[in-house]
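Have a look at the structure below before the remarks.
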Amino acid sequence: MPHVLRSVLPFARQWVFLVLMLVGVRPAFGQAPFSLWPWDGAGQPTLEVTKAGVQKLLKSAWAGGLNMPQFAHFNFRGTPNPDLIVFDRASQQVNVWSWDGNTLQWVPNLELTMTLPTLNNWFRVGDWNGDGRPDLFTHSMTDQTGVAIYTNVPGPTNLPFWQLVTDTLSIRTMFGVRQQMLFNPADLPAIGDYDGDGDADLLLLLFGASTINLIRNYAVETGNPTVPDFRVISNCAGQIATSNVCGQFSVATCRSGPADTTAMPTRPMHLGTTLFYEDQDGDRIPDLVVGDISCANASYFRNLGTAMAPAFNTSPQTVVAHVDRPLVKPTFPSFFGIDADQDGVQDLVMASNEGSSPDFSVDLQQTATLFKGQAGAIPSYRYSTSEFLGAEMIDLGSYSSAAFGDIDNDGDLDMVMGKAGERLPPNVFRSSLTLFLNQGSSQQARYVLADSNWLDLRATSLMNLHVSFGDLTQDGRPDLAIVGSTFSSGTGVVWILKNSSAAGQPWQFSVSNKQVLTGIGILADSPAIGDVDNDGDLDLLIGSFDGTLVMLQNQGVVNNFTYTKLVNVGNLNPSNQTYGLRIALGDMDRDGRLDLLSSNNTGRLSWSPDIASWYTGTAPNGQTDLLRQVPMPGGRSYVFSNDVCPAIADLDGDTYPDVAVGLGAGGLLMLHNNSPVTNLGTRLSGYNKVGLHVWPNPANRSDLVTIETNEEAYVTDILGQKREVRMISANRQSQQIDVSFLVPGVYLFRTANKPPIRLIIR
């Protein structure tokens, strides 16, 4: 799938946010009348899984997952323990992890994450201008073969600000001509101070070449810290040439002088190469480890020359010196030297550099293999884990999503997660739903893995599963909407599973009794259930792969979801640049009206308030880029990853809807709604229709609420689930009811023939 194109982080006024951080004030992400922030404090849900027969609390459950990660240390705060930047090549997702000296583990640091500029396809850390502050190299956002450099500029609190120096790095060739450096975005270069002068040099294959270029940085020599000056000093470094065959290299017959441009006699096009250029044998001269896109194993070349004039042994080894096992990944291995346990000894991490895993050939739940470095003069490594960082987070593989409902009917919200799929023995591809039951409370969720194949969806051969709960059949019990696609043909499917449970019992669904919705005609990406047209029954919205929003309007037939299809409701105006619409419904601003959260391949969240107004032509303005990048308030939109699927639920019982963000790397990020209580209910007057009145509104749980109606009425939550149904007698014009049985939140009083009234309980 195409990679996310994201804008560049602005520089001006960033100090404002940093001052706010120092005094403990967090600016809101966006301009919407609610405030979301990555959840890292009181009330944050916890999650437990069973591993090797032992129940395990995941310490970084909501860190988002890993698929094809890249790693580099970066000391954001000048602490004794540098932070760790982790960029996921497949999902374009970036995280900063900080070392917790008390628990001796890495913990996600979202505030530092959101100070980073946009990374694309790959990244390396290196001091390009020799000022002693490490900078960032990454793939261009504007050119398919370009390289970008961000300069690390100190701010008032010494956190880095990022200035884009160039988005298309140029080099001076051996002819003395300056031209744009063309670099394969599938590659991973080696970057380091190889000549020892204090600035970062480059070792890489130029686009289409078969030999390695050594490019020296002259920033220190010229004394110009503003204009990069990179010069090719050899484009046949080490005199080896790659080929199109896995693990095969040849001795390059290199031309001499300014015309040294290719290896002779052949010049095969390499498709993807990773380079790791560090000392592996203890002689303080960097050796070369090469990963190839067509290989599972790495190739190791000992350097018999110097860092700037390498002479590689011509017969590569598949076992790197002093590593206790072969460095093998299913495809395209890459390597990173970091201090993973902060013991002062460098460790080695191996991951796949694939841009994606369409055939699920890579185990996306075991993606970073750690080899611990052993103390001594000669580097040596011992295998430690294949789940570095991933062991402490929920990670279902790729394209995850969440849905919440009281599945066990105990008064709190349980969670179901969907995903793209996984490879299963012997060689099949299946998706599944994972059920987590809330064994905590509505104020403090404690999710425990209950079923990794809920409803046995693996037996259906479906992929890309996403679900939503809501009473579509109007029988008082929430039903289950499932969207997905068939693996063999990619055809989209939409199913409704009717809830067959008895009143007050855990919900029951069966695939054998599914209702297959026909006439949809789209590749569905995610479902959301709510009363979109404000007529008293629940409708089904479907975000589609082509970016349009489809509505299946409920025709009000009890015990059977009968619908009319409406296309491109909301006029979200998708373009050929956006696809993969993922949606959620909920009352985000707590005005008693249903809102839409949406995202697509851009990785941004958008908010559309009061979607019922789509039918009156008076839709208020929403926030097309809901979350804002920090440290600059009002700056560019914050991008999560190349695939974002929101879910809305009040997860701590404070009546504010929180957001669980499913990410492309297979995990979740929890956003807490910490909005202040202001002016609730001020927009409800238009809903007090003749014949149905509710007051006071808003009401406290200690209040007696008066209902005036001439027909039976009942109470539901905003998504249509009945709440301890207390019928209002039809032969009484008014009745006072005790609402203490309702937890704070937004509810609907419904009758058979009148629009519902929103009631806010505080």
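The values are calculated or read from the model by the stated rules, or taken from the named source; none is laboratory data. Predicted model, so just to flag it, every value in this text is computed and none were measured. As a convention, Cβ positions derive from the backbone with ideal geometry for all residues, glycine included, and neighbour counts pool all protein chains shown. For the accessible areas, the whole protein counts, side chains as well, though only heavy atoms, and no ligand, DNA or RNA atoms are used. Shrake-Rupley method; radii C 1.70, N 1.55, O 1.52, S 1.80 Å.
Considering every residue within region 271-294, establish whether at least one is open to solvent by 60 Å² or more (accessible area, probe 1.4 Å), modelled with pLDDT under 80 and either among the polar types (S, T, N, Q) or over 34 Å from the mean Cα position of the chain (by Cα) (or both). Within region 271-294, not a single residue is open to solvent by 60 Å² or more (accessible area, probe 1.4 Å), modelled with pLDDT under 80 and either among the polar types (S, T, N, Q) or over 34 Å from the mean Cα position of the chain (by Cα) (or both).
When residue 338 is tested against the conditions (1) at pLDDT 90 or above; (2) exposed (fewer than 15 other Cβ atoms within 10 Å of the Cβ), the lone failure is (2).
Kindly evaluate residue 556 against the criterion of being farther than 23 Å from residue 399 by Cβ and either in contact with a helix residue (DSSP H, G or I) (Cβ under 9 Å, 6 or more places away or on another chain) or surrounded by fewer than 19 Cβ atoms within 10 Å (Cβ to Cβ) (or both). Against the criterion (farther than 23 Å from residue 399 by Cβ and either in contact with a helix residue (DSSP H, G or I) (Cβ under 9 Å, 6 or more places away or on another chain) or surrounded by fewer than 19 Cβ atoms within 10 Å (Cβ to Cβ) (or both)), residue 556 qualifies. Among the conditions (1) under 27 Å from residue 121 (Cβ atoms); (2) modelled with pLDDT of 90 or more, residue 244 misses just one, which is (2). Taking region 295-311 as the range and being in contact with a Cys (Cβ under 9 Å, 6 or more places away or on another chain), open to solvent by 20 Å² or more (accessible area, probe 1.4 Å) and part of a loop (DSSP other than H, G, I, E, B) as the test, only 296 passes. Do we have residue 635 as among the small types (Gly, Ala, Ser) and modelled with pLDDT under 80 here? So residue 635 fits the description; yes.
Inside region 384-423, residues that are basic (Lys, Arg) and open to solvent by less than 40 Å² (accessible area, probe 1.4 Å) make up a count of 1. Within the bounds of region 93-103, is there any residue that is surrounded by fewer than 20 Cβ atoms within 10 Å (Cβ to Cβ), among the hydroxyl-bearing types (Ser, Thr, Tyr), in a loop (DSSP other than H, G, I, E, B) and modelled with pLDDT under 80? No. Report yes if residue 511 is open to solvent by less than 60 Å² (accessible area, probe 1.4 Å) and free of Cβ contacts under 8 Å to residues at least 40 places away in the same chain, otherwise no. Answer is no for this residue. A Cβ distance below 7 Å, combined with a sequence gap of six or more or placement on separate chains, defines the contacts here; from region 601-612, residues that are within 23 Å of residue 669 (Cα to Cα) and in a strand (DSSP E or B) reach residues that are at pLDDT below 85 and not aliphatic (A, V, I, L, M) in the pairs 606/622; 606/623; 606/624; 606/625; 607/622; 607/623; 608/570; 608/622.
Condition first: under 22 Å from the mean Cα position of the chain (by Cα) and at pLDDT below 90. Now tell me which residues in region 523-543 satisfy that. Walk me through how you get there before you give the answer.
Residues of region 523-543 that are under 22 Å from the mean Cα position of the chain (by Cα), as a first pass: 523-528, 542-543.
Within region 523-543, 523, 524, 525 meet the criteria.
For region 472-490, name all the residues that are touching a residue at least 24 places away in the same chain (Cβ under 8 Å) and surrounded by fewer than 21 Cβ atoms within 10 Å (Cβ to Cβ). Lay out the reasoning, then the answer.
Initial filter on region 472-490 (touching a residue at least 24 places away in the same chain (Cβ under 8 Å)): 472-488, 490.
Residues satisfying the conditions are 474, 475, 476, 477, 486, 487, 488, 490.
Pairs only if they're at least six apart or on different chains, beta carbon under 9 angstrom, first in region 547-568 and at negative phi, second basic (Lys, Arg); list them, first residue then second. As it stands, the answer is 550/565; 551/565; 552/565; 553/565; 560/498; 561/498, since those pairs meet every condition given. Just one of (1) under 18 Å from the mean Cα position of the chain (by Cα); (2) in a loop (DSSP other than H, G, I, E, B); (3) buried (at least 21 other Cβ atoms within 10 Å of the Cβ) trips up residue 60, so point out which. Just one mismatch for residue 60, condition (3).
Might you let me know whether region 392-410 holds any residue that is acidic (Asp, Glu) and under 19 Å from the mean Cα position of the chain (by Cα)? Let's see the steps before the verdict.
Pass one, region 392-410, residues acidic (Asp, Glu): 392, 395, 406, 408, 410.
Okay, now just the ones that are also under 19 Å from the mean Cα position of the chain (by Cα), so 392, 395.
Yes, some residue in region 392-410 is acidic (Asp, Glu) and under 19 Å from the mean Cα position of the chain (by Cα).
Filtered by the rule that a residue be in contact (Cβ under 8 Å) with a residue 60 or more places away in the chain and outside any loop (DSSP other than H, G, I, E, B), region 63-86 gives 69, 70, 71, 72, 73, 74, 84, 86.
Is it the case, given these coordinates, that residue 502 is over 30 Å from the mean Cα position of the chain (by Cα) and among the hydrophobic types (A, V, I, L, M, F, W, C)? Talk me through it step by step, then tell me what you get.
Numbers: over 30 Å from the mean Cα position of the chain (by Cα): yes; among the hydrophobic types (A, V, I, L, M, F, W, C): yes.
It is true that residue 502 is over 30 Å from the mean Cα position of the chain (by Cα) and among the hydrophobic types (A, V, I, L, M, F, W, C).
Pull up region 427-447, narrow it to residues that are in a strand (DSSP E or B) and polar (S, T, N, Q), then point me to the one that is surrounded by the most Cβ atoms within 10 Å (Cβ to Cβ).
Step one: filter region 427-447 for residues in a strand (DSSP E or B), giving 428-430, 434-438, 446-447.
Pick out the ones that are also polar (S, T, N, Q) and you get 434, 438.
On the way: 434: 22, 438: 24.
Restricting to residues being in a strand (DSSP E or B) and polar (S, T, N, Q), the top hit is 438.
Within region 212-246, the set of residues being touching a residue at least 40 places away in the same chain (Cβ under 8 Å), part of a loop (DSSP other than H, G, I, E, B) and buried (at least 16 other Cβ atoms within 10 Å of the Cβ) comprises 212, 228, 229, 235, 237, 239, 242. Within region 105-143, the set of residues being at pLDDT 90 or above, out of contact with any strand residue (DSSP E or B) (no Cβ under 6 Å at 6 or more places or on another chain) and either open to solvent by 30 Å² or more (accessible area, probe 1.4 Å) or of a type in the set (Phe, Trp, Tyr) (or both) comprises 105, 130, 131, 132, 142, 143. Taken together, the criteria exclude residue 404 from residues that are of a type in the set (Phe, Trp, Tyr) and within 29 Å of residue 123 (Cβ to Cβ).
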